[in-house]
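Have a look at the structure below, then the notes.
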């Protein structure tokens, strides 16, 4: 869906699930494998994603990636 919303070549992540990554690629997006505590930043399209609940088994795991995502979005907004 990211490719449909942002155009071909947008980078994003949903974690490591290949079947979901295939959907991203089919819509023109570029999927980046990321762990639950990582983010994927596409500066060109101004998009920041994290797998969060796609990989987390508890909220404390998801919070690390979500915090990084929010920090990056705030940093981008202040530029």
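Since every read-out is calculated from the coordinates, none of them should be taken as a lab result. Everything quoted here is computed from the prediction, not taken from an experiment.
The computed semi-axes √(5λ) of the Cα gyration tensor in Å for the structure shown corresponds, within (i) 41, 11, 9; (ii) 20, 18, 7; (iii) 40, 15, 10, to (ii). For the chain, relative contact order (Cα pairs under 8 Å, six or more residues apart, normalised by length) works out to 26 percent.
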